[in-house]
Amino acid sequence: MPSAGAVCPPIISPLRRHIYGQSTTHIDTSTLIEIVCETPSTKIYFTADGTKPNPFQRTIGGREVTHRYKDPFTLKEGKRTLKAIAVSKDGRESDVNTRTYTVDDVGKINASPIPSSSSEVDNSDFFDTDGWELSDSTLKSGTSSSSKASKGKKGKKQKKSKSPTRTLRSRSRSKSPGRTPKEAWASSSYTPALNSGAFGDQPASPPIPDGPFNPTNYSGTQINVWGGAPPPFVQQGGMPGVVSLGQPGICNPYTTQYGYLTENMLQNCNPDTKHVTVGDLRQLLRSRQAPPPPAPAVEAPPPPRPERIEVPVYKDPPLNPVSPGGGDYKGNLLHIYAHLIDLANNNKDFRLPISEPKMGKILEAKLMDQQDCYELKIVLAKPGVRRGSIKKPPKVESKPPTPKKEEKKEEKKVEKKEEPKPVKKTPPPEKDPYFAMETENLNQQGTVKAYAKFNAEQDAEVLHGAMKGLGTDEDAIINVLCYRSNTQRQQIVAAYKTMFGKDLSEDLKGDLSGHFLDTMKALIMAPAEYDAYQLRKAMKGLGTDEDVLIEVLCTRSNAQLKEVIRVYKEKFNRDLEKDIISDTSGHFKKLLVSLVQANRSDSNEVDRAKAKQDAKDLYQAGEAKWGTDESKFNTILVTRSYPQLRAMFDEYKNISKKDIEEALKSEMSGDILRGMLTVVRCVKHKFNHFARQLQKTMKGIGTDDDTLVRVVVSRCEIDMVQIKEEFQKLAGQTLEQYIADDISGDYRSAILSLVVGGDPPDMSSKSGKGFVEAVKQKTEAQLDEDVKLESEPVQENPTLTPAANFNAEADCEVLRKAMKGFGTDEAAIIKVMGYRSNPQMMEVVKSYKTMFGKDLKSELESETSGGFKTLLAGLCMSPADFDAYNLHKAIKGLGTDEQVLTEIICTRTNKQLIDIKAAYKTNYSKELDADVAGDTSGHYKRILVSCLAANRPEGQEFDRNKARQDAQALYEAGEKKWGTDESRFNVILASRSYPQLRATFQEYAKLANKDIDDTIRSEMSGDLKDSMLAIVRCIRNKAAHFATELHKSMKGLGTNDDTLCRIVVSRAGVDMVQIKQEFQKMFKQTLGMFCADDLSGDYKTLVLALIREETAGGK
């Protein structure tokens, strides 16, 4: 098995049936050879002369030696050695697969002995089938013309071909106008006549390409690429179908070169495979003669036939278990279509509903990764109905009518006789009904969604453990409350009180503080309760927070306002309208009281005449008069529906030549102006309004934290995705960047979690208590399944991919020009080196030395400095050379950089370590094992030398019993004894496969009630601890390990540029996409944002280009 991420070697196999007693390597010149590779999206190259394939230098001395495999091919006679190699898109090569075949000439195998006098016999009739005509009664010979032609040229010496294949081709191909190509599915008796003469009449055939293999067309349209099959067998002086006895027969010296697929097709097209005789042809012709017409009879006209409705027949795509992927979106869509057809064929409940309605075009489609599956959501148009034109009321469960007294008595009697049936609990809705009460059904999407693997009791247990004892685990609280929907959070609150007899809100108050506490409290409230709480808080005590009143009352729908009023009365035993009247005044009070009535029209119809009249009335009440009639603005803005108001705004602009917002700013001021502007902006573009509010909270000095928390919490499940898009348009920067720059600590982590959204961190895959608790609750079968899932090959996605239209010489010219003369064009260098894959860069380095006689790496190092120089130098080396260079640099001179040794040696695969040792030997004429052993000591030296041996098993198998034994040995070597037996940890961690160690970690957690990560921390120290932790973390999640190392390199004051450059260069072409995802999950910020804040200049620009986060540097 290849290692994880490696390319599988190609498989070479002949396409033929197995011949009993004959070796599989013994084939003939008609046998097709197929080469396949199990790794998707790879290119296969091969040679047939025994040399190693070189995909990057296919032609040597003007002759193509390495061939690109496209279709099955045949080999020529002799002993042929095939070598094949597969190359992935990112330039990774597989091992070379070698097969040797003994190829026999098919003509020599099937040739029969020919009499010595055959040279005196004219065999032109053997190949001439012209002149045979099919009549109604018999077959007539018409070969006189062809025989004359053959006699006239009998004395000429025929030119011999170099091979039987060429001879067959030259005999069968003719430019006669009467000739038609022989079809693979036609019987020889029905083959049209060939109007060709003897061999002397044949035109010169085009030359056959030289080489050890022959390309073969196996599509079924012809028998082979050299022409039709040889004509049917004809005895000397005889006729087709007549056998001459007593004379030696001349057999066809060359069997037809049917391809493997063509042969199968021929057999399927003529399953009987019987010979057709003249009698069969006569019987066929008689059956085709039309019978005499019957005597006419007077009959009633036949009834009209119903019109046939032709139903198109579609060819179903192949039903494959796995889609192609790898960027092939058409292949993935065909895969989905094939499985939908299969589901409809086998599932009546799905087939009947989907076959009835007439559907329009696709309005919306979204694919979501649900961790354990993919969820595809498709929205189709309903013909004749505009989307959003029908208001969908929230679903309210109606209570069944209460039965009468007599019915109740009868029911009781029945209940005594029958056993009660268990009542199924309906699952709670994924979204709170309050969110479904939005004013309009807009295309909007929240960032926080319902967690698929939700368990209220387990989440309550995690929250209780995070606040229990000394200290608080804020990350655990964030990972639960910020990644659950509001409905799920309400269940957690109820479960917490049931399980521990405490109010979750009170426990949070005791352990948290500041705006982080405000955020957590807001999350555990229901949406209507939170709005009611904010309104009460705004009017309680001295003063009034008008901004809160405007934000809540001017942006909510009728249904939402009614729910807020009800909850306000229920929670605080007060009337919301009376509190507003007592705390506000003037036209602002009138506006809020009007909104609290919740009487805005919900109609989607637009009355254009009414819109013109309303626009005229507003113009007369404002710009056209001295002063302003605010009541007219109040009446129209509060009562009209949103579509009607939009039409009125358009009409107002036609009348006034001013936008409605400009008119309001010129006519009003203070709270009434802000309230009416909020209404207008929500009508025009609600997403833009909230984006403005968020920008306003963080713009300038200080932060309006109350507004920030209120907007993020209230909109994260409704339309935060669209708000983020509008924010970037307004600010020229992402909302995440704004938040990261403006706030800090756990408060920032919580807000970023709500804004970014996505999948929550998987608690069971992390180290520590979460992992131990998850292991205890699972059965052995479930644990085995977890190991198998975690051990499946991970799709690694690089950010540094091959550039399209790559030209090494053109890149060399650009780089030469950028460094020539005074100064350096860093932008041109970044444009080339930041967007080329490693194989492409190796070609550039080679071409640069060929063209200019200079080393590109040395040139760049002389023209640049700092981290920018380190990155450019690393990009000029292959992965093995780069790792060898860093290891030599860490060992060279006084002292040793153990961090580099741990990072490289403890995280690479067996093949990578072998390549690194070879590169180290080539570049520095030293053995890496000896240098590492000479610069380190103790148990740390032993773990490094064990890893460098590159003997770790790389299979997917694991033994649960062996895992228990290893877990017991680790427990007895560490936790159970005084001191630590480091050698036992060394043996197990360095010599077991990754799946085996995953099973061992599970068994250790059950045995020691402690995670292996925590045990290593408590039992080891120094470099040994770091090396063992690196091995454990790479086994669990290699991308997360490197994300942590990148965060450490930039955290706090200063930057560890060597570590940053080393990881970026070595992982950009491997799995940087996964590292970025893990970084965002763990630290609630994108890697690009972190790099943009910590780096500067060309160094920052190149790092952002390599990780494909160029927009993160824009302010």
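The values are calculated or read from the model by the stated rules, or taken from the named source; none is laboratory data. What you see is a predicted model, and the numbers here were worked out from it, not measured in a lab. Every residue, glycine among them, receives a Cβ derived from its backbone with ideal geometry; neighbour counts consider all protein chains shown. For the accessible areas, the whole protein counts, side chains as well, though only heavy atoms, and no ligand, DNA or RNA atoms are used. Shrake-Rupley method; radii C 1.70, N 1.55, O 1.52, S 1.80 Å.
Annotations
- Loop sites in region 628-698: trypsin sites (Lys or Arg not before Pro), DSSP, at most 14 other Cβ within 10 Å: Lys657
- A Förster radius of 30 Å combined with the Cβ-Cβ distance from Arg68 to Asn923 puts the calculated FRET efficiency at roughly 0.40.
- Taking all Cα pairs closer than 8 Å and separated by 6 or more residues, the relative contact order of region 325-377 comes to 16 percent.
- Accessible heavy-atom area order of Val814, Val832, highest first, probe of 1.4 Å: Val814, Val832
- Extension gain from Ala828 to Thr703, taking 0.36 nm per residue of separation minus the Cα-Cα distance: 41.0 nm
- Loop-located trypsin sites (Lys or Arg not before Pro) in region 702-779, at most 16 other Cβ atoms within 10 Å (DSSP): Lys778
- Note, ³J(HN,Hα) from phi for region 1068-1084, Karplus 6.51, -1.76, 1.60, rounded to Hz, x at Gly and Pro: 4, x, 10, 9, 5, 4, 5, 4, 5, 5, 5, 4, 5, 5, 7, 10, 6
- Counting only aspartates and glutamates at least 8 places from Lys70 when in the same chain, those with an alpha carbon closer than 20 Å to its own are Glu34, Glu38, Asp49, Asp90, Glu93, Asp95, Asp210, Asp328.
- In this structure, Arg16 and Leu363 have a Cβ-Cβ separation that, at R0 = 56 Å, corresponds to a calculated FRET efficiency of about 0.60.
- Label-to-label distance for Lys977 and Ser513 is 4.7 nm, based on points extended 7 Å past Cα in the beta-carbon direction.
- Compared with the alpha-carbon gap, the fully stretched path from Ser41 to Thr472 is longer by 150.3 nm at 0.36 nm per residue.
- Prolate/oblate/rounded label for region 796-933 (Cα gyration tensor, a/c 1.5): prolate
- Residues of region 689-711 with amide N under 15 Å of a point placed 7 Å along Cα→Cβ from Asp659: 689-693
- The phi-based Karplus calculation (6.51 cos²θ - 1.76 cosθ + 1.60; θ = phi - 60°) puts the 3J(HN,Hα) values of region 328-340 at 8, 5, 5, x, 5, 5, 5, 5, 5, 4, 4, 6, 5 Hz, whole numbers, x for Gly and Pro.
- Distances between placed amide hydrogens fall under 5 Å for Phe73 paired with Ile33, all partners being 5 or more residues away or on another chain.
- Cβ-derived FRET efficiency at R0 35 Å, Lys562 paired with Leu1053, nearest 0.05: 0.05
- Taking θ as phi - 60° and the Karplus parameters 6.51, -1.76 and 1.60, the scalar couplings of region 546-561 work out to 5, 4, 5, 4, 5, 4, 7, 6, 8, 10, 8, 7, 4, 5, 5, 5 Hz in sequence order, x denoting glycine and proline.
- Listed residue pairs exceeding 21 Å between alpha carbons, taken from Lys724/Lys1084; Lys849/Lys917; Lys820/Lys854; Lys769/Lys1081; Lys820/Lys849; Lys589/Lys658: Lys849/Lys917; Lys589/Lys658
- Loop GluC sites (Glu not before Pro), region 916-996 (other Cβ atoms within 10 Å of the site Cβ: 14 or fewer; DSSP): Glu927, Glu957
- Cα centroid separation - region 799-818 against region 615-684, whole Å: 58
- Spacing of the two label points (7 Å from each Cα toward its C-beta) at Asp959 and Lys571, in nm: 6.2
- Rounded Å value of the spacing that divides the Cα centres of region 490-537 and region 17-44: 68
- Stretchable slack from Ser1018 to Lys820, in nm (0.36 nm times residue separation minus alpha-carbon distance): 65.6 nm
- Pairwise label distance in nanometres, Ser858 with Ser582, each label 7 Å out on the Cα-Cβ vector: 8.8
- Listed by chain and number, the aspartates and glutamates whose alpha-carbon sits under 17 Å from that of Lys1076, ignoring those within fewer than 8 places in the same chain, are Asp369, Glu736, Asp759, Asp762, Glu796, Glu1045, Asp1093, Asp1094, Glu1109, Glu1110.
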